[in-house]
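Visitor: Dropping a structure here in structure tokens format, bear with me for questions.
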């Protein structure tokens with residue numbers, strides 16, 4: 001492809017736009033245009049910026065068509081999340097429900113138990129990391145549950161045994 005050059009005014013506009021960029025992709029896209037304007041090759045730009053040569057071509061073509069507005073990506077990278085609004089609503093509903101009310105033998109949700117429950121209910125399986133991120137985005141915090149025998153033992157007998165143990169220790 002033949003080299004192309006920006007006018008001094010265009011270069012300054014792109015450089016100023018790049019300097020005010022708050023998004024890494026916008027900064028990269030503006031840098032592609034500036035590097036292209038000073039004669040750097042497509043493969044050199046791609047290597048320097050850690051992107052593909054196709055990305056360099058796409059950014060250049062978009063800039064030629066639309067100018068500076070083309071340097072701001074319109075959609076986020078990656079595929080659409082499987083955590084649909086309905087799935088997120090199911091998370092909120094499940095967290096607000098005691099596991100025992102759903103027939104489980106435990107009283108506190110762990111992240112893994114909640115994730116498995118939602119997989120059964122919705123058919124959507126997320127990785128542990130993604131599920132934790134979504135819980136955080138939904139405003140939930142989590143920690144490992146503490147498993148105790150409290151509520152499962154005879155408290156009166158437990159208290160009596162503590163007294164007897166204390167008395168035995170005193171007799172030594």
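The values are calculated or read from the model by the stated rules, or taken from the named source; none is laboratory data. Computed from a predicted structure; not experimentally measured. Cβ: placed from backbone, ideal geometry, glycine included. Neighbour counts: every protein chain shown.
Visitor: Any residue that is in a loop (DSSP other than H, G, I, E, B), assigned by TED's automatic domain parsing to the domain that holds residue 126 and either in contact (Cβ under 8 Å) with a residue 40 or more places away in the chain or touching a helix residue (DSSP H, G or I) at 6+ places or on another chain (Cβ under 6 Å) (or both) - is there at least one of those in region 99-106?
Guide: Yes, there is a match, as at least one residue in region 99-106 is in a loop (DSSP other than H, G, I, E, B), assigned by TED's automatic domain parsing to the domain that holds residue 126 and either in contact (Cβ under 8 Å) with a residue 40 or more places away in the chain or touching a helix residue (DSSP H, G or I) at 6+ places or on another chain (Cβ under 6 Å) (or both).
Visitor: Okay, next question. Please go through (1) at pLDDT below 90; (2) touching a helix residue (DSSP H, G or I) at 6+ places or on another chain (Cβ under 9 Å); (3) assigned to a helix (DSSP H, G or I) for residue 158 and return the number of the only condition it doesn't satisfy.
Guide: Here residue 158 meets the rest and fails (2).
Visitor: Right, another one. List the pairs whose first member sits in region 19-38 and is more than 12 Å from residue 59 (Cβ to Cβ), whose second member is buried (at least 20 other Cβ atoms within 10 Å of the Cβ), and whose Cβ atoms are under 8 Å apart, counting only residues at least 6 apart or on separate chains?
Guide: Here the result reads 21/30; 37/14, each pair linking region 19-38 to a residue that is buried (at least 20 other Cβ atoms within 10 Å of the Cβ).
Visitor: Taking into account only those residues within region 39-54 that are part of a loop (DSSP other than H, G, I, E, B) and touching a residue at least 12 places away in the same chain (Cβ under 8 Å), which is surrounded by the most Cβ atoms within 10 Å (Cβ to Cβ)?
Guide: Once the filter is applied, the top-ranked residue is 51.
Visitor: Next question. Considering every residue within region 130-144, establish whether at least one is closer than 30 Å to residue 29 by Cβ, in contact with a helix residue (DSSP H, G or I) (Cβ under 9 Å, 6 or more places away or on another chain), loosely packed, with under 13 Cβ neighbours inside 10 Å and modelled with pLDDT under 95.
Guide: Start the filter on region 130-144 by keeping residues that are closer than 30 Å to residue 29 by Cβ, which leaves 130, 133-134, 136-137.
Pick out the ones that are also in contact with a helix residue (DSSP H, G or I) (Cβ under 9 Å, 6 or more places away or on another chain) and you get 134, 137.
Next, only the ones that are loosely packed, with under 13 Cβ neighbours inside 10 Å stay: 137.
Of the ones still in play, those that are also modelled with pLDDT under 95 are 137.
Looking for residues that are closer than 30 Å to residue 29 by Cβ, in contact with a helix residue (DSSP H, G or I) (Cβ under 9 Å, 6 or more places away or on another chain), loosely packed, with under 13 Cβ neighbours inside 10 Å and modelled with pLDDT under 95, one finds at least one in region 130-144, hence yes.
Visitor: Now for a separate question. Based on what the data block shows, is residue 83 buried (at least 17 other Cβ atoms within 10 Å of the Cβ) and either in a helix (DSSP H, G or I) or within 29 Å of the chain's Cα centre (by Cα) (or both)?
Guide: On the way: buried (at least 17 other Cβ atoms within 10 Å of the Cβ): yes; either in a helix (DSSP H, G or I) or within 29 Å of the chain's Cα centre (by Cα) (or both): yes.
When the stated conditions are applied, residue 83 passes them.
Visitor: Can you tell me which residue is modelled with the highest pLDDT among those in region 93-115 that are within 21 Å of residue 82 (Cα to Cα) and loosely packed, with under 13 Cβ neighbours inside 10 Å?
Guide: 93
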